[in-house]
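Q: Take a look at this one; I'll ask things after.
The values are calculated or read from the model by the stated rules, or taken from the named source; none is laboratory data. Every value quoted in this text rests on a predicted model; they were computed, and no experiment measured them. A quick note on method: Cβ atoms are made from the backbone with ideal geometry, for glycine too, and the neighbour counts reach across all protein chains shown. For accessibility, only protein heavy atoms count, side chains too; no ligands or nucleic acids. Shrake-Rupley method; radii C 1.70, N 1.55, O 1.52, S 1.80 Å.
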Amino acid sequence: MARSSGVVCVCMMAAVRLLLRTVSSASSCAHSGSGTALLRFSPTCSSRPRAQRRHAAHFAFHPDPVPTKYGPTVKMNLFQSITSALDNTLASDPTAVIFGEDVAFGGVFRCTVGLRDKYGKDRVFNTPLCEQGIVGFGIGVAVAGATAIAEIQFADYIFPAFDQIVNEAAKYRYRSGNLYDCGNLTIRAPWGCVGHGSLYHSQSPEAYFAHCPGLKVVVPRGPVQAKGLLLSCIADENPCIFFEPKILYRAAVEQVPTEPYHLPLSQAEVVQEGSDVTLVAWGTQVHVMREVATMAQEKLGVSCEVIDLQTILPWDIETVCKSVVKTGRLLISHEAPVTGGFAAEISSSIQEQCFLNLEAPIARVCGYDTPFPHIFEPFYIPDKWKCFEAVKRMINY
Ligand SMILES: *[C@@H]1O[C@H](CO)[C@@H](O)[C@H](O)[C@H]1NC(C)=O
């Protein structure tokens, strides 16, 4: 089984590389088959007539206000804000190294563009196609005292490295009685649905890692958060997994500070205040929830509070509790399958702590318990209509 998924991985990566070459040749956006789908990433294709696009995104990106605390800002999309964070790190920390499949030429999603040329091939380099090797090497680099930033090309392919992450990286500090640690390891991976990613390029595996003490797991909702949270992961004294919503790489654009800044880990953010229902999400789904809040207000006169959890492990139970005490209702939504998803943990903890405040059962609107589908993606994802129906049910309970 492991072999055959490896083969699929190799094929898909080759396909992505091929597509990137087509994108950079820029002359045409009219390639057929899966190429058309991936080319949706390309800005050169945005002039295509609407009818030729496969389908519209299932969310509207809602940019944050321009940050004022961290100096001058420039317009960046999410992959550029990641590049900016990595650039700041390589510039300020001479021990920092970046490695992974294809990162030297910029990575399949362009997050490391220009960094090899700027900092040299000893600091930004390609690895063999071997995820357990990438993370194992990263653990060694971090334990030896350097700053290791590993890229797993898709979160779907993090599983070959599962043992290295949960049994080695997460436990290093504990099994040495805090003599050694590999807190200087950060693992980045593109994450979540993208409209056409199918089984192996759409998954949201955060819940697997949320079961592992010793790790931190973070998912940003946009470029400003991505940079500040990634820099915090890199600086944090524990190994961190940083999942980047790949559908936002180009779709999300904000004014991002060029200087380094840190946003706190394990701190959820109330992105919209409300009084009747608490909506909790992370990554792309925060934007879906914002739309649900607007629909609930317009169609039902219901006021929703939207919380971006941001850090999945260790998560900010206090902020969610405080909100549910006020609203009495909680809806949690994520793309990963509902069974054993992180919403289950949130639901259970909030039920324990806020039981007497609840006006309705806690609701989960998540992916179905199937592998992530291809053409049925629009039916699989927890879209705004499913979430809106759940809000209605909670209000009428
Ligand atoms: C991690 O990196 C920091 C900053 O570069 C350094 O001071 C620290 O010693 C490193 N930790 C370990 C365990 O090597």
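Q: Could you please find all residues in segment 188-218 being in contact with a Ser or Thr (Cβ under 9 Å, 6 or more places away or on another chain) and buried (at least 22 other Cβ atoms within 10 Å of the Cβ)?
A: Of everything in segment 188-218, those that are in contact with a Ser or Thr (Cβ under 9 Å, 6 or more places away or on another chain) and buried (at least 22 other Cβ atoms within 10 Å of the Cβ) turn out to be Trp191, Gly192, Cys193, Val194, Lys216, Val217, Val218.
Q: Scan segment 312-324 and report the pairs whose first residue is surrounded by fewer than 20 Cβ atoms within 10 Å (Cβ to Cβ) and whose second residue is in a helix (DSSP H, G or I), with Cβ atoms within less than 7 Å and a gap of 6+ or a chain change.
A: The qualifying pairs are Ile317/Ser349; Cys321/Ile350; Cys321/Gln353; Cys321/Cys354.
Q: Let me ask you something else. If you scan segment 131-153, which residues turn out to be closer than 24 Å to Arg110 by Cβ, away from the ligand (no atom under 16 Å from the Cβ) and surrounded by fewer than 24 Cβ atoms within 10 Å (Cβ to Cβ)?
A: Once the filter is applied, which keeps residues that are closer than 24 Å to Arg110 by Cβ, away from the ligand (no atom under 16 Å from the Cβ) and surrounded by fewer than 24 Cβ atoms within 10 Å (Cβ to Cβ), segment 131-153 yields only Gly133.
Q: So, one more: Consider segment 73-107. How many of its residues are open to solvent by 10 Å² or more (accessible area, probe 1.4 Å) and more than 16 Å from the ligand (Cβ to nearest atom)?
A: 13
Q: For the list (1) open to solvent by 20 Å² or more (accessible area, probe 1.4 Å); (2) in contact with a Leu (Cβ under 9 Å, 6 or more places away or on another chain), I need the number of the one condition that Tyr180 fails.
A: Only one criterion is unmet by Tyr180, namely (2).
Q: Give me the pairs, please: first residue somewhere in segment 76-92 and among the aromatic types (Phe, Trp, Tyr), second residue anywhere and open to solvent by less than 10 Å² (accessible area, probe 1.4 Å), beta-carbon distance under 6 Å, and either six or more positions apart or on two chains.
A: Phe79/Cys111; Phe79/Tyr249
Q: If Arg110 passes every condition in (1) out of contact with any strand residue (DSSP E or B) (no Cβ under 8 Å at 6 or more places or on another chain); (2) free of Cβ contacts under 8 Å to residues at least 24 places away in the same chain; (3) more than 16 Å from the ligand (Cβ to nearest atom) but one, which one does it miss?
A: (2)
Q: For Met295, only one of the following conditions fails: (1) over 30 Å from Ser198 (Cβ atoms); (2) among the aliphatic types (A, V, I, L, M); (3) surrounded by fewer than 21 Cβ atoms within 10 Å (Cβ to Cβ). What is its number?
A: Among (1) over 30 Å from Ser198 (Cβ atoms); (2) among the aliphatic types (A, V, I, L, M); (3) surrounded by fewer than 21 Cβ atoms within 10 Å (Cβ to Cβ), the lone unmet condition for Met295 is (1).
Q: Any chance segment 361-377 includes a residue that's modelled with pLDDT of 95 or more, among the charged types (D, E, K, R) and closer than 22 Å to Gly197 by Cβ?
A: Yes: one or more hits.
Q: Outside the structural domain of Asp369 (by TED's automatic domain parsing), surrounded by 24 or more Cβ atoms within 10 Å (Cβ to Cβ) and within 16 Å of the ligand (Cβ to nearest atom) - does that describe any residue in segment 236-253?
A: Initially, segment 236-253 is screened for residues outside the structural domain of Asp369 (by TED's automatic domain parsing), giving 236-253.
In the following step, the residues that additionally are surrounded by 24 or more Cβ atoms within 10 Å (Cβ to Cβ) were identified as 239-248, 252.
Then drop every residue that is not within 16 Å of the ligand (Cβ to nearest atom), which leaves 239-240.
Scanning segment 236-253 turns up at least one residue that is outside the structural domain of Asp369 (by TED's automatic domain parsing), surrounded by 24 or more Cβ atoms within 10 Å (Cβ to Cβ) and within 16 Å of the ligand (Cβ to nearest atom).
Q: When you go through Phe342, Phe372, Phe376 one by one, which is the residue that is more than 29 Å from Pro264 (Cα to Cα) and surrounded by 24 or more Cβ atoms within 10 Å (Cβ to Cβ)?
A: Exactly one of Phe342, Phe372, Phe376 is more than 29 Å from Pro264 (Cα to Cα) and surrounded by 24 or more Cβ atoms within 10 Å (Cβ to Cβ), namely Phe372.
Q: Would you check if Pro67 is free of Cβ contacts under 8 Å to residues at least 12 places away in the same chain and part of a loop (DSSP other than H, G, I, E, B)? Spell out the reasoning first.
A: Numbers: free of Cβ contacts under 8 Å to residues at least 12 places away in the same chain: no; part of a loop (DSSP other than H, G, I, E, B): yes.
So Pro67 does not fit the description; no.
Q: Test Arg123 against the criterion of being touching a residue at least 24 places away in the same chain (Cβ under 8 Å), of a type outside the set (A, V, I, L, M, F, W, C), in contact with a Leu (Cβ under 9 Å, 6 or more places away or on another chain) and within 16 Å of the ligand (Cβ to nearest atom), and give yes or no.
A: Working: touching a residue at least 24 places away in the same chain (Cβ under 8 Å): yes; of a type outside the set (A, V, I, L, M, F, W, C): yes; in contact with a Leu (Cβ under 9 Å, 6 or more places away or on another chain): yes; within 16 Å of the ligand (Cβ to nearest atom): yes.
It is true that Arg123 is touching a residue at least 24 places away in the same chain (Cβ under 8 Å), of a type outside the set (A, V, I, L, M, F, W, C), in contact with a Leu (Cβ under 9 Å, 6 or more places away or on another chain) and within 16 Å of the ligand (Cβ to nearest atom).
Q: Can you tell me which of (1) away from the ligand (no atom under 16 Å from the Cβ); (2) modelled with pLDDT of 95 or more is the one His196 doesn't meet?
A: (2)
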